[in-house]
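Data first, discussion second: the structure below is written as structure tokens.
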Amino acid sequence: MSRVRSLLVFLYDFVVGDDPLIAVAIVAGLAVTAAVASGSVATWWVMPLVVFSALTASLLRAARR
Amino acid sequence: MSRDVLLFLSVFLASTVEGVEAVTIVLAAGLTRGWRSALAGVAAALVVLAAFVAALGPALTALPIGALRLAVGGLLLVFGLQWLRKAILRASGYKALHDEDAIFDREVAGLRAAGDGADSAARAGSIDPFGFTVSFKGVLLEGLEVAVIVVTFGSNQHNVPLAAVAAVAAVLVVVAVGVAVRAPLSRVPENALKYAVGVMLTSFGIFWGTEGAGGSWPGGDAAIAVLIAFTLLTSFGLVALLRRRRERSTAPTATVTVG
């Protein structure tokens, strides 16, 4: 059991890293892009905006610690 | 600059950074616990990594192009932003710079403190389990990220061989230098390289993620260069912002005496 737990902890660290906010923002950003893309509106601006906002929020959170 | 050149550069730089870290660990294990155990650990890790690439590569390339770009874009963004976040925190002074000399010293101290298993293993002509494990874990963990980058970049560009060549070339260069100097590769500008790789992975991740989610870019492939410039400039802005914030928080407060 402890080996399975270690593997899960490793996978979490490997994929999610230090701040889960970034991973959540990426998934949400891609979902919003997919939703907007089904209409006729341009979507190229969504991910740059999401990435910049998530990175800024994550860095400010780290700086406050 | 063509996509293939950017692909080669991104994989080469990422592999160089991870290669430097792996070589530091293997050097520490080899010098303290014996080369036989350290190199056996390297060989075992390379076998596992090859199996991982062999399993993940065909699985990813079997996906339809839209789903592949979405998965690859998401993965690259997760990795790229982790690298970029750490690089910005280091450049602004919130996190200590990566120092291969210090890491080497720490590894050597830890390996020496682990007892004299290496001596008895050497006398018996067998493998020292501690040296083997440290070397194996070091190469496997550092190599896993490279393997993911090779497979994701390569499959998305329909050019896994070029991505693999870039990774192998980087590892060969790093190993050759490591063998020549027999010391941690502390002169490699690792922090700057990590920053550059973070920018590249994030930019490609934004591009492919958006395309995979059904979006399209004005200007097509030319948007990649614009995204690299965007990521670089915004990251410089964030470094400047955090530096000012740090200077304000560490500046001595003025004392006003009244009367």
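The values are calculated or read from the model by the stated rules, or taken from the named source; none is laboratory data. On a predicted model such as this, the values are computed, not experimentally measured, just so you know. Here the Cβ is made from the backbone with ideal geometry for all residues, glycine too, and neighbour counts use every protein chain on show.
Can you confirm whether B:A163 is away from every other protein chain (no Cβ under 11 Å) and either surrounded by 14 or more Cβ atoms within 10 Å (Cβ to Cβ) or modelled with pLDDT under 85 (or both)?
Numbers: away from every other protein chain (no Cβ under 11 Å): yes; either surrounded by 14 or more Cβ atoms within 10 Å (Cβ to Cβ) or modelled with pLDDT under 85 (or both): yes.
Spelling it out, B:A163 is indeed away from every other protein chain (no Cβ under 11 Å) and either surrounded by 14 or more Cβ atoms within 10 Å (Cβ to Cβ) or modelled with pLDDT under 85 (or both).
So which helices (runs of 4 or more DSSP H) are wholly in chain A and hold at least 3 residues that are at the interface with chain B (Cβ under 7 Å from one of its Cβ atoms)? Step through it out loud before you land on a result.
Numbers: elements: A:2-15, A:20-37, A:46-64.
The helices (runs of 4 or more DSSP H) meeting that bar are A:20-37, A:46-64.
Can you find, within the stretch B:26-64, the residue that is farthest from the chain's Cα centre (by Cα) among those that are within 28 Å of B:G209 (Cβ to Cβ) and touching a residue at least 12 places away in the same chain (Cβ under 8 Å)?
By that ranking, first place goes to B:T61.
Just need a number here: residues in the stretch B:201-238 that are touching a Lys or Arg at 6+ places or on another chain (Cβ under 7 Å) and among the aromatic types (F, W, Y).
Number of matching residues: 1.
Does B:T202 satisfy being modelled with pLDDT of 90 or more, under 25 Å from B:L144 (Cβ atoms) and among the hydroxyl-bearing types (S, T, Y)?
Values: modelled with pLDDT of 90 or more: yes; under 25 Å from B:L144 (Cβ atoms): yes; among the hydroxyl-bearing types (S, T, Y): yes.
Judged against the criteria, B:T202 is a match.
Just name the residue that is surrounded by the fewest Cβ atoms within 10 Å (Cβ to Cβ) out of those in the stretch B:204-235 that are over 18 Å from A:A31 (Cβ atoms), within 8 Å of another protein chain (Cβ to nearest Cβ) and touching a Phe, Trp or Tyr at 6+ places or on another chain (Cβ under 7 Å).
Per the stated criteria, the residue is B:P218.
Can you tell me which residues in the stretch B:83-99 are over 14 Å from the mean Cα position of the chain (by Cα) and over 19 Å from B:E247 (Cβ atoms)? Working first, answer last.
Here is the first cut: in the stretch B:83-99, the residues over 14 Å from the mean Cα position of the chain (by Cα) are B:88-97, B:99.
If the condition is that a residue be over 14 Å from the mean Cα position of the chain (by Cα) and over 19 Å from B:E247 (Cβ atoms), then B:D99 is the only one that fits.
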